[in-house]
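Structure record follows, encoded as structure tokens.
Only the coordinates and a few stated rules stand behind these numbers; no lab work does. Given the structure is predicted, the values throughout are model-derived calculations rather than measurements. As a convention, Cβ positions derive from the backbone with ideal geometry for all residues, glycine included, and neighbour counts pool all protein chains shown.
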Amino acid sequence: MRPSVGAAGTVSHVTQHPADAAASTLPLPIEIAPSVLPVDFSRLAEALGALEEAGVDRIQWDVMDGQFVPNLTFGPAVIASCRAATTLPFEAHLMVLTPDVMAAEYVAAGCSRLIVHAEACPHLHRTLGNIASMGAAPAVALNPATPIAAVEHVLDLVDLVLVMTVNPGFGGQSYILARRGLSDRVHVEVDGGIGPTTVAGAATAGANVLVAGSALFRDPEGLAHAVADLRQRAAAATAATAAPRG
């Protein structure tokens, strides 16, 4: 039984019928969720329009508080001011020490999914429940050194687990190989160092949602090419993994 995001971003659970069992083993579609961290912050609205035109699936806002990670980035007012610039869903990746204190403002700013770090939540079950009660979809993130066991007890509350493939706090870092073991239960999102040379490894390890920033914006052939290329490479790797071996 896989959690799914319903109306207003709330999480529901869908009972699987026997006739659907075979279909549930099919690979999930590849989604591209660009981080806008590399963008010129004075041109965020313009960048959001360009990303939507390029065919991405959602926008990820890397929210940093200067405590859980070294940098400071997007407050809720900045995100709210950009909400009208695109029809794409917003998700906030809260790299913060106090997600319970900050969550409501990011939901009000227009984020339909909030991703909190297991490492920052002493009462993770309660935090995820609070986010769901606000009408947003809760999700949980893991730093590279954090074992998957840290979120095993909350997988029934989320439809997505974000696996950091770099240490959080800075864009443009080198990729740390993604981890297996979640993709049969939830959507797996990978964040950090994702580009043409690393995306196949992430997809093979079970990821179907790809967060990319620097690799998209520096593609000399433009955003549309970068998005299509990442999606194609990931889909090919997923198909090769799923294919029966002779």
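Run the numbers for ALA108 and LEU155: contour at 0.36 nm per residue of separation, minus the present Cα-Cα distance, in nm.
Details: separation 47, 0.36 × 47 = 16.92 nm, distance 2.50 nm.
This chain segment gains 14.4 nm when fully extended.
Across the range 192-228, the residues whose backbone nitrogen lies under 18 Å from the label position 7 Å along the beta-carbon direction of ARG43 are 213-227.
Mind running the shape call on the range 23-154? Use the C-alpha gyration tensor, a ≥ b ≥ c as the square roots of the eigenvalues: rounded below 1.5 for a/c, prolate if a/b tops b/c, oblate otherwise. Oblate shape, in that a/c is at least 1.5 and b/c is the bigger or equal ratio.
Potential lengthening of the chain between ALA228 and THR146 amounts to 26.4 nm, from the contour at 0.36 nm per residue minus the alpha-carbon distance.
Once you reduce the range 43-93 and the range 195-246 to the center of their Cα atoms, the two points are 21 Å from each other.
In this Cβ point-charge picture (+1 for Lys and Arg, -1 for Asp and Glu), the range 32-242 has a dipole of about 240 debye about its Cα centre. Under conditions of 10 °C and 1.306 mPa s, the range 32-242 yields 93 µm² s⁻¹ as its translational diffusion coefficient, taking Rh as the Kirkwood radius over Cα pairs in the Stokes-Einstein equation.
Per-residue extension of 0.36 nm, minus the Cα-Cα distance of GLU53 and SER133, leaves a gain of 25.5 nm for this segment.
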